[in-house]
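The values are calculated or read from the model by the stated rules, or taken from the named source; none is laboratory data. Since the model is a prediction, treat every value here as computed from it, not as a measurement. Virtual Cβ from ideal backbone geometry, glycine too; neighbours counted across all protein chains shown. Note: areas computed on protein heavy atoms with side chains; ligands, DNA, RNA excluded. Shrake-Rupley method; radii C 1.70, N 1.55, O 1.52, S 1.80 Å.
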Amino acid sequence: MEGNAALSWDGSAPPSGRTETSRTVDAGPLVLRVTAVGSGTAPAVTVTELPSPGVLLVEAAADAPDTRLRIEWQLPCTGATGYWTPDTNTRWLPPSWATPREASLPKGAPVGSLVGPGDAALCTFAVGEPVRPVTIGEGAVEETGRYSWWVEQDGPHLALRLDLSGRHFADTVRECAAWWADLAPARTVPDAAFEPVFCTWYALHLAMTAADVERLAELAAPLGFRTLIVDDGWQTDERTRSYATTGDWQPAPHDFPDFSGHVRRIQDLGLAYLLWHAVPFVGDRSAAAERLAGHTLAHLPQLETFLLDPRSATVRAHQVERLAAAVERHGVDGLKLDFVDTFARGPVPGAAPRTGSPEADCATVAEGVRRLLAALDARLRAARPDVLVEHRQDYVGPGLWPYATMVRATDCPLGAVENRVRTADLRLTAGPLAVHADPLTWHPQERPERIAVLLQSVLFATAQVSVDLAAQHADQLTALAFWLSVMKEHRELLQRGELRPHRPELAYPLIEARNGARLAFGRYAPLPLRAEGEWELLLVANADQDTLVRIDFDRPPGPVDLLVQDCLGGTVARARTPVGGTELSVRVPTGGLLTLRRGGRGGRGGH
């Protein structure tokens, strides 16, 4: 259908002080307006009903290449329970006057969902832009009781996907990610990206030597870890949290005197080796700072570093050369690329204003980041086709997919709930990439069942851990090894299955995953579970203090093989249990696992 400029608009007046023309579409409760800023004619508007019922594609086109296009739409805000965005900050309804957010390759993803009762999506939207900045306004309009959205982008074309189907919000967000796949084809992700990771950061911070890392690696490998990330500290002999020495990316001469030999010793243990780099930084005390002077966006005095301008070919050449050296010269298996979101930050208090490189060869910093990552990716894959590359929330949009193999939740040390929510959110928008937890860490005196709960909280992601393994007692290590083994055995279900996190406004007290006839639940509150459809295997990880797990089936499952294990993997109960009705209640310890199998296949053995 074509937009009709004569239809009325129920929203606020358009921004003043700029030349603009608009068209408005009225489709029942949905009212939509498209505005072209800087164009003398009204934009062409096409609204297409996609094959999925209730899903619309809105496309706007202007006649001038330097136009800024804006799409606004509103719906009655009836029954709304929360608002989902990939930022994982708050799930409450923002007001319409809240500060807009910006999504681009270095920051976030252009998607959001207004959620109602039963986790139904009242409206899920996504913008068809993987790289360039998209400005997004969203919130409840207090004067009218409606919910309002607007998206803006420079350029003559803007595509918006609207899902009004009322399906589970997770399904609609995941379909938006599938739509992006046509815009940003992803690389093949190796299976190694889904293997559990031991990270040095919380365990050692900057106070580490090659011997320290090798000692931890020797303890990590037998527990089931298959990758080691050596974080910040390998490039400096200093112990303070400063980025003043970043940018040269040379191994610390005292703490890592034989870096290539060190890497080989780790790999001989059966661990892939990933090395941390802060992509945007060139530190105050680095040799590179003088060479790259004039090619920066800002100085960050609190961090003692300059923020590089990725639009500069000189910057890109330097970074690619130095970062690729870790793979080409020292033989590491991949890189952890950190702080990419710093490229997208606004003005920093105390920082010099953004000036940028005089040789900038693209219009936006986001495009410069894309060119930097593309050049680095080509160089890395030429040396190691199966290279592993980790990035971190919140630079997790589709523009990142061609240049990454895994994305990780941002720092939330000791935060089981936040780690759970962040990893679940990432699963919905990460496309084919492996989703990793922020490294789990805990006090040396933590109880084994609480360690199990930490692991259960990231059950549907790849686990990362960062503690002093030498300081753990036997039961702590047993709990860790048991849950890593569960995650390994059921990886296709837990990490690659169809994910449905429930009740986003309550921080996902229940998460569900399905892969064919296999079904899994993470239970984080005293809630009953609903098992629907055919299944042969059903897992329940009980992370709540309430040990009475209640399952409602949509049909009688008949006899099942039941196994209850505690947080250490020890057998609590094993039985062949008839279930003639549609309800089953089982006592499962906190930090424990319930396994139900149909078809007489027997239960998982104890550990």
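Brief remarks on what is shown
- Of the residues in the stretch 595-603, at least one is of a type outside the set (D, E, K, R) and under 24 Å from LEU454 (Cβ atoms).
- Residues located in the stretch 381-411, provided they are of a type outside the set (A, V, I, L, M) and either surrounded by fewer than 16 Cβ atoms within 10 Å (Cβ to Cβ) or more than 23 Å from ALA366 (Cβ to Cβ) (or both): ARG381, ARG384, PRO385, ASP386, PRO402, ASP411
- Test result for LEU527, in a loop (DSSP other than H, G, I, E, B) and either within 28 Å of the chain's Cα centre (by Cα) or buried (at least 22 other Cβ atoms within 10 Å of the Cβ) (or both): yes
- Subset tally (residues that are surrounded by 20 or more Cβ atoms within 10 Å (Cβ to Cβ), modelled with pLDDT of 95 or more, farther than 17 Å from MET487 by Cβ and not β-branched (Val, Ile, Thr)) for the stretch 187-207: 3
- Taken over the stretch 78-132, residues that are in a loop (DSSP other than H, G, I, E, B), of a type in the set (Val, Ile, Thr) and over 17 Å from THR364 (Cβ atoms) amount to 6.
- Taken over the stretch 412-439, the residue count meeting the criterion of being under 16 Å from MET487 (Cβ atoms), open to solvent by 10 Å² or more (accessible area, probe 1.4 Å) and either assigned to a strand (DSSP E or B) or of a type in the set (A, V, I, L, M, F, W, C) (or both) is 1.
- Flag if ALA452 is assigned to a helix (DSSP H, G or I), within 24 Å of LEU271 (Cβ to Cβ) and open to solvent by less than 10 Å² (accessible area, probe 1.4 Å): yes
- Unique residue being open to solvent by less than 10 Å² (accessible area, probe 1.4 Å) and either more than 11 Å from ALA207 (Cα to Cα) or more than 25 Å from the chain's Cα centre (by Cα) (or both) when the list is THR246, THR240: THR246
- On the stretch given as the stretch 538-569, residues that are open to solvent by 10 Å² or more (accessible area, probe 1.4 Å) and either under 21 Å from TYR524 (Cα atoms) or not in a loop (DSSP other than H, G, I, E, B) (or both) total 13.
- Considering the stretch 146-164, the residues that are hydrophobic (A, V, I, L, M, F, W, C) and either at pLDDT below 95 or within 14 Å of LEU69 (Cβ to Cβ) (or both) include one that is most open to solvent (accessible area, probe 1.4 Å), namely TRP150.
- With respect to (1) under 23 Å from ALA507 (Cα atoms); (2) in contact with a Ser or Thr (Cβ under 6 Å, 6 or more places away or on another chain); (3) of a type in the set (Val, Ile, Thr), the lone exception for THR423 is condition (2).
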